[in-house]
Amino acid sequence: MKTIKVLTVCLGNICRSPAAQGILAFTASQYKGLKLEVDSAGTAVFHVGNSPDPRSIRALAEQGIDISMQQARQVKEEDFQQFDWIVAMDAANLANLKAIQPAQSQAKLVMFGAYQTGVSLGEVADPYYGQEDGFIRMREHLTVISEHFIDHLMSHD
Ligand code: 4NP
C-alpha cells in the first residue's frame, strides 16, 4: 500500500496545523486501505521549537488524540519535494506557501478545506486570540475537513 505524505500548514504551527496533523492521522488510521504519514509546519518562525498551544492540546485530548509531543517548525524548501500534499489552513497561509513554492515542487498545494462540500473557501479560523470554545470549533471543523479530504484521497489518489 502506497504511503501518502501530507503536511498541514498554518501560521504559527501551534494551534491549527498541529491539531490538523493529529486529527487527520487519527481519522486516516480508521480507514483500511489508506496509509497516511502526516506532519505539520508554520509559515512563520516565531514559535519554532514550541509545543502546541495548551488549548489545542486540551481540545484534542478530549477526543483521545495526543498532540503534546509535537514541536513547531517552519516550512522549508525540501517540504515541497518530500510531501505529496501540502494543505494550508487559510488563504493567507496558502498565499505565503505559493510565494515560496519552488518551480520544481512535486507537492499538491491546496487549502485543506477545499474538499469540504458546501463551504466556499474552507478556511480554518485562527483561534489563537480567542477563547477555549474557538478551539472546540476548530477541532470540529478539522474533523469534518479531514473526512472530506480522506474521501477525496480514497476516490482520486
Ligand atoms: P496558528 O495560530 O497559526 O493556528 O498556529 C497562531 C499562533 C500564533 C500566532 C498567530 C496565530 N501569533 O501571532 O503568535
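Taken over the range 6-42, the criterion of being more than 12 Å from the ligand (Cβ to nearest atom) and among the hydrophobic types (A, V, I, L, M, F, W, C) is satisfied by Val6, Leu7, Ile23, Leu24, Ala25, Phe26, Ala28, Leu34, Leu36, Val38.
Could you tell me whether the range 5-24 includes any residue that is over 13 Å from the mean Cα position of the chain (by Cα) and either within 18 Å of Asp126 (Cα to Cα) or part of a strand (DSSP E or B) (or both)? Within the range 5-24, not a single residue is over 13 Å from the mean Cα position of the chain (by Cα) and either within 18 Å of Asp126 (Cα to Cα) or part of a strand (DSSP E or B) (or both). For the range 43-137, the helices (runs of 4 or more DSSP H) that sit wholly inside it and include 2 or more residues that are away from the ligand (no atom under 12 Å from the Cβ) and surrounded by fewer than 12 Cβ atoms within 10 Å (Cβ to Cβ) are 91-100.
Would you point out the residue of the range 3-42, among those that are touching a residue at least 12 places away in the same chain (Cβ under 8 Å) and among the basic types (Lys, Arg), that is surrounded by the most Cβ atoms within 10 Å (Cβ to Cβ)? Walk me through it before giving the result.
The initial filter retains those residues of the range 3-42 that are touching a residue at least 12 places away in the same chain (Cβ under 8 Å), namely 3-28, 31, 33-42.
Pick out the ones that are also among the basic types (Lys, Arg) and you get 5, 16, 35.
Numbers: Lys5: 17, Arg16: 33, Lys35: 13.
In this case the residue turns out to be Arg16.
Per-residue answers, yes or no, for (1) at pLDDT 95 or above; (2) on the phi < 0 side of the Ramachandran plot; (3) of a type in the set (A, V, I, L, M):
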| residue | (1), (2), (3) |
| --- | --- |
| Thr117 | no, yes, no |
| Ser120 | no, yes, no |
| Val124 | yes, yes, yes |
| Pro127 | yes, yes, no |
| Phe135 | yes, yes, no |
| Glu140 | yes, yes, no |
| Thr143 | yes, yes, no |
| His152 | no, yes, no |
| Ser155 | no, yes, no |
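The values are calculated or read from the model by the stated rules, or taken from the named source; none is laboratory data. Since the structure is predicted, the reported quantities are computational estimates derived from the model, not experimental observations. When we count neighbours, we look across all protein chains shown, and the Cβ atoms used for this are built from the backbone with ideal geometry, even at glycine.
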